[in-house]
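Taking it in order: structure first as structure tokens, then the write-up.
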Amino acid sequence: MTTDQQWDIVTSVGITALAVAAARALEAHREDRLVHDPYAAAFVEAARPEAPMPTTPQEVDELAEQYSSIWNQLEMDQYMGVRSRYFDDFFAAASEAGIEQVVILASGLDTRAYRLAWPAGAVVYEIDQPKVLEFKQTVLEEQGATASCEPRAIPIDLREDWQSALLEAGFDSSAPTAWLAEGLLPYLSAAAQQRLLETVERLSATGSRLAVEDFSDLSKMLQDEEMVELGKQWGIDMRDLLHADDRRSAAEVVGGFGWTTEVREAEEVAEGYGRSLDSFPMKGVGRFLAAEKGI
Ligand SMILES: C[S@@+](CC[C@H](N)C(=O)[O-])C[C@H]1O[C@@H](n2cnc3c(N)ncnc32)[C@H](O)[C@@H]1O
């Protein structure tokens with residue numbers, strides 16, 4: 001991103017959060033679904049984006065002519081299902097290990113705070129832009145959503161001093177934390193990504209865990225005309241929004257802090273869930289990192 005502007009749920013990078021919610025809504029209709037997000041479709045319905053964002057297979061069919069050829073080719077929902085499930089499993093394992101403090105960086109319309117079973121006493125901090133979180137809260141209230149954790153919204157830009165905002169909201173840096181950065185890093189410059197990971201390291205007690213959707217080569221994504229075309233339909237210029245500058249992977253950075261790291265290719269993770277990403281255009285680009293801060 002080239003400017004420090006604010007955005008809402010239908011503009012700039014905000015609309016990518018809506019698109020991800022639409023993909024999760026579609027996932028819920030699959031017989032072999034990997035996640036079920038009961039609120040995803042309601043977000044799309046409430047936002048009324050100008051670009052069509054199908055949330056049911058019927059809508060995909062209806063929009064086939066003008067839109068879904070791209071949607072289908074991208075197989076976005078296939079990938080999002082895998083990605084969502086992988087990070088759901090990450091949190092299940094963290095809860096199992098006794099971690100009760102969670103921070104979701106760039107939470108967007110992620111509803112894990114509401115749809116996952118959390119241990120008693122768990123607190124889930126969600127950081128994103130103010131208007132995105134405001135929209136999310138309104139829809140969740142309309143839906144009567146309840147959570148088994150205590151969700152705490154931190155409305156701030158992640159390029160600003162979010163550390164202070166988090167601490168002011170009650171974050172305990174002496175307790176182990178489970179962190180997530182899903183669908184975030186491409187929207188940060190290399191320098192902002194580095195600062196973000198340094199802040200995570202600074203705030204993490206021993207035993208903390210971090211999961212990241214990492215990318216091997218973002219420039220490959222930007223060379224994909226269909227991806228860029230899809231962005232245009234959403235009113236965004238992917239080449240302006242995404243940073244393809246040279247950077248160290250998140251695994252390299254946190255590995256350098258002494259964390260243990262496990263990196264898995266998205267295709268391999270998908271196979272483990274019985275799903276193929278063979279025709280996914282970002283093939284070989286997406287990977288998932290799970291890291292832990294040891295003693
Ligand atoms: C593709 S969406 C992913 C949302 C969510 N993590 C998910 O997977 O459903 C990208 C999100 O990153 C947020 N985001 C991007 N840059 C940000 C920044 N500098 N500060 C706060 N949020 C940011 C956007 O507002 C948006 O919600």
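Proximity of backbone amide H atoms, modeled 1.01 Å from N, is registered between Ala178 and Gln101, Val102, Val103, Arg209 at under 5 Å, excluding neighbours fewer than 5 places apart on the same chain. Shown in residue order for the stretch 6-14 are the 3J(HN,Hα) couplings computed by the Karplus curve 6.51 cos²θ - 1.76 cosθ + 1.60 at θ = phi - 60°: 8, 9, 10, 7, 10, 10, 6, 6, x Hz (x for Gly and Pro). Within the stretch 128-235, the proportion of C-alpha pairs whose separation exceeds 17 Å stands at 67%.
Of all alpha-carbon pairs in the stretch 173-237, indicate the percentage at a distance above 16 angstrom.
Details: 1217 of 2080 pairs.
Considering the stretch 173-237, 59 percent of its Cα-Cα pairs are separated by more than 16 Å.
Residue by residue, the stretch 90-98 carries 3J(HN,Hα) couplings of 4, 5, 4, 5, 5, 4, 4, 7, x Hz when phi is fed to the Karplus relation 6.51 cos²θ - 1.76 cosθ + 1.60 (θ = phi - 60°); x denotes Gly or Pro. Could you work out Rg/(2.2 N^0.38 Å) for the chain, with Rg from alpha carbons only? This ratio for the chain stands at 0.94. Just the protein heavy atoms count here, and of the accessible area of the chain at 1.4 Å, carbon and sulfur take up 45 percent.
Percent of Cα pairs in the stretch 78-191 per distance bin of 5 Å, from zero to the largest separation: 2, 11, 21, 24, 22, 14, 4, 1.
Note on Lys220: aspartates and glutamates with a C-alpha under 15 Å away, same-chain residues under 8 apart excluded, are Glu229, Asp240, Asp245, Asp246. Bridges between two residues of the chain, per DSSP, are antiparallel at a rate of about 40%. In the chain, the longest principal axis of the Cα atoms and the axis of helix 190-203 are about 40 degrees apart. Within the stretch 215-295, the proportion of Cα pairs with more than 14 Å between them is 69 percent.
Phi angles of the stretch 249-256 translate, via the Karplus equation with coefficients 6.51, -1.76, 1.60 and θ = phi - 60°, into HN-Hα couplings of 5, 4, 4, 5, 5, 6, x, x Hz per residue; Gly and Pro are given as x. In this structure the chain gives 42 Å² per residue of accessible area when probed at 1.4 Å with all protein chains present.
Have a look at Glu252, Glu141, Glu100 and tell me which one the Gaussian network model of the chain (Cα, springs below 10 Å) gives the largest fluctuation. In this elastic network of the chain, the residue with the biggest mean-square fluctuation among Glu252, Glu141, Glu100 is Glu141.
From the alpha carbon centroid of the stretch 26-41 to that of the stretch 221-241 is 25 Å.
For the chain, the 222 nm mean residue ellipticity estimated from helices alone, with every DSSP H stretch of n ≥ 4 adding -39500 (n - 2.57) and the total spread over all residues, rounds to -12000 deg cm²/dmol. Structural descriptor for the chain: relative contact order 20 percent, calculated from alpha carbon pairs under 8 angstrom and at least 6 residues apart.
The values are calculated or read from the model by the stated rules, or taken from the named source; none is laboratory data. In this text the structure is predicted, and so the values were computed from the model without any measurement. Please note that ligands, DNA and RNA were not included when accessible areas were found on the heavy atoms of the full protein model with its side chains. Shrake-Rupley method; radii C 1.70, N 1.55, O 1.52, S 1.80 Å.
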